[in-house]
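Structure record follows, encoded as structure tokens.
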Amino acid sequence: MRTELLLDSEDREHKAPRRLVILGATGSIGRSTADVIEGAGGAFSVEAIAGGRDGKALAIMARRLGARFAAVSDPAAYDDLKEGLAGTGIKAAAGPESVTQAALFASDLVVAAISGAAGVEPTHAALAAGRNVALANKECLVCAGDLFMRTAAAAGTRILPMDSEYNAIFQALGTSRVDEVEEMILTASGGPFRTWSAQDIAAATPEQALAHPNWSMGPKVTIDSASLMNKGLELIEAHHIFGIPAAKLGVLVHPQSIVHGLVTFADGSVTAGMACPDMKVPIAHCLGYPARVTTAARRLDLAAIAALTFERPDLGRFPALRVAMAALQQGGSMPTVLNAANEVAVEFFLAGRIGFMDIARAVEQCCETALRQNDSATPDTVAQALAIDHISRERTRAALS
Ligand code: MG
């Protein structure tokens with residue numbers, strides 16, 4: 001465990017409401033965050049929120065949470081936001097720079113839940129400015145993990161893992177040091193295709209891929225769960241946030257989604273992080289950390305569940321996980337390339353333009369092209385990471401069109 005992950009113990013005594021900024025307030029994580037805040041009876045005050053292109057929804061969220069500032073990334077959504085906030089005194093702004101402005105509002109914790117590469121810049125700005133960040137955006141650590149960890153260390157800020165798997169590992173790790181860890185395992189539900197044949201998976205439709213058995217999430221992450229790419233991205237994140245070597249990271253398929261992460265220690269002890277599959281649990285853990293926040297999340301009834309089962313992932317039927325593990329081993333810019341190619345390939349799949357198995361194929365091809373062209377240096381700045389992201393998207397689009 002890196003010391004920058006630990007909040008000061010006096011924070012536990014902190015009685016004033018913890019001031020929050022929520023980036024990505026109208027998405028799936030943003031809405032669950034709002035539920036947790038409302039259930040926590042005045043423990044939090046929301047200073048600023050930001051959203052993507054739905055001005056109306058963002059205005060409703062700003063009113064609901066009593067934010068002081070609401071920023072929408074798409075300038076075309078400004079009128080809806082402004083109109084929705086009329087008479088409230090809540091300030092409205094639009095454009096990507098207004099999202100960064102929201103990120104830099106004085107706060108104790110920034111919830112970074114914008115999905116996609118759009119979340120990288122504002123989240124990095126918040127960290128660099130000394131804000132603690134509860135990280136739900138995958139791209140920050142996948143595209144620019146070395147940079148984010150370096151920035152957090154330099155600014156003396158903390159990145160709290162706001163995803164079920166690595167939050168479970170964070171809790172399982174407790175106060176142990178990473179060099180006392182033998183293995184960290186992230187679990188995957190296996191998604192809707194866990195028991196399907198390779199042939200059936202290849203013929204799967206977007207509707208079938210979007211029917212996740214356990215979790216309700218946005219479409220991009222749901223497709224990534226079906227391909228197991230999501231688990232590959234989480235391995236990359238875990239590598240950075242815990243400073244654990246790739247060789248000590250593993251994946252188990254666990255269809256019940258009750259155990260989210262496991263840590264095996266040098267003495268043979270294994271600690272599991274468990275909860276019902278509900279994002280409110282990791283969200284509440286990060287918002288209140290190190291104190292506990294009461295939530296309405298369903299409680300775990302192990303006797304009712306009766307059996308927890310585990311399987312090794314099948315890298316033949318789920319090649320996206322193999323491709324992601326290779327990118328993690330290669331390091332440098334390969335995770336950035338992988339992530340960008342995957343986003344484009346998932347778009348093409350959702351639009352019905354390619355088959356499900358073509359996603360991993362396209363991603364692997366884009367990674368191979370980058371390696372051949374010697375495009376594999378580690379990005380040192382957000383601009384470099386975004387440039388690699390951009391080139392990889394263009395290459396994948398060209399290859400798939
Ligand atoms: Mg997850």
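The values are calculated or read from the model by the stated rules, or taken from the named source; none is laboratory data. Keep in mind it's a predicted model, so treat the numbers as computed, not measured. With ideal geometry, Cβ positions are generated from the backbone for all residues, glycine too; neighbour counts draw on all protein chains shown.
Each residue in region 224-246 was checked for being within 24 Å of MET149 (Cα to Cα), more than 11 Å from the ligand (Cβ to nearest atom) and touching a Pro at 6+ places or on another chain (Cβ under 8 Å), and 3 of them qualify.
When region 127-139 is limited to residues that are at pLDDT 95 or above and touching a helix residue (DSSP H, G or I) at 6+ places or on another chain (Cβ under 6 Å), the one that is nearest to VAL323 (Cα to Cα) turns out to be ALA136. Set side by side, the residues VAL142, VAL120 differ, and just one is surrounded by 24 or more Cβ atoms within 10 Å (Cβ to Cβ), more than 16 Å from the ligand (Cβ to nearest atom) and not in a loop (DSSP other than H, G, I, E, B), which is VAL120. Looking across region 355-372, the residues that are more than 23 Å from ASP200 (Cβ to Cβ) and surrounded by 20 or more Cβ atoms within 10 Å (Cβ to Cβ) come down to CYS366, CYS367, ALA370. Checking each residue in region 309-338 for being touching a His at 6+ places or on another chain (Cβ under 7 Å) and surrounded by 15 or more Cβ atoms within 10 Å (Cβ to Cβ) picks out only LEU328. Of all residues in region 145-171, those that are among the basic types (Lys, Arg) have Cβ atoms under 7 Å from Cβ atoms of residues that are part of a helix (DSSP H, G or I), 6 or more apart or on another chain, in ARG158/GLU4; ARG158/LEU5; ARG158/ALA152. Consider ALA70 carefully, then state whether it is closer than 26 Å to ARG18 by Cβ and in the same structural domain as ILE29 (by TED's automatic domain parsing). Yes: the conditions hold for ALA70.
Those residues that are in a loop (DSSP other than H, G, I, E, B), surrounded by fewer than 20 Cβ atoms within 10 Å (Cβ to Cβ) and over 23 Å from the mean Cα position of the chain (by Cα), I need them from region 44-86; list them, please.
Step one: filter region 44-86 for residues in a loop (DSSP other than H, G, I, E, B), giving 52-54, 66-68, 73-74, 85-86.
Now restrict to residues that are surrounded by fewer than 20 Cβ atoms within 10 Å (Cβ to Cβ): 53-54, 66, 68, 74, 86.
Within region 44-86, GLY66, ARG68, ALA86 qualify.
Select from region 146-202 the residues that are within 16 Å of the ligand (Cβ to nearest atom), over 20 Å from MET325 (Cα atoms) and in a loop (DSSP other than H, G, I, E, B) and list them in ascending order. Matches in region 146-202: MET162, PRO192. Within the set GLU38, GLU10, the sole residue that is more than 21 Å from the chain's Cα centre (by Cα), exposed (fewer than 15 other Cβ atoms within 10 Å of the Cβ), modelled with pLDDT of 95 or more and assigned by TED's automatic domain parsing to the domain that holds PRO122 turns out to be GLU38.
For residues in region 208-223 being within 11 Å of PHE349 (Cβ to Cβ) and in a helix (DSSP H, G or I), which is farthest from the ligand (Cβ to nearest atom)? Show your work before the answer.
Here is the first cut: in region 208-223, the residues within 11 Å of PHE349 (Cβ to Cβ) are 209-210, 219-220, 223.
Restricting the remaining residues to those that are in a helix (DSSP H, G or I) gives 209, 219-220, 223.
Values: ALA209: 17, PRO219: 15, LYS220: 12, ILE223: 13 Å.
Out of the qualifying residues, it is ALA209.
Determine whether region 162-179 contains at least one residue that is among the small types (Gly, Ala, Ser) and either closer than 29 Å to ALA76 by Cβ or within 18 Å of the chain's Cα centre (by Cα) (or both). Yes; the residues of region 162-179 include at least one that is among the small types (Gly, Ala, Ser) and either closer than 29 Å to ALA76 by Cβ or within 18 Å of the chain's Cα centre (by Cα) (or both).
Would you confirm, using the coordinates I've provided, whether ASP375 is of a type outside the set (Ser, Thr, Tyr), surrounded by 14 or more Cβ atoms within 10 Å (Cβ to Cβ) and in a loop (DSSP other than H, G, I, E, B)?
Answer is yes for this residue.
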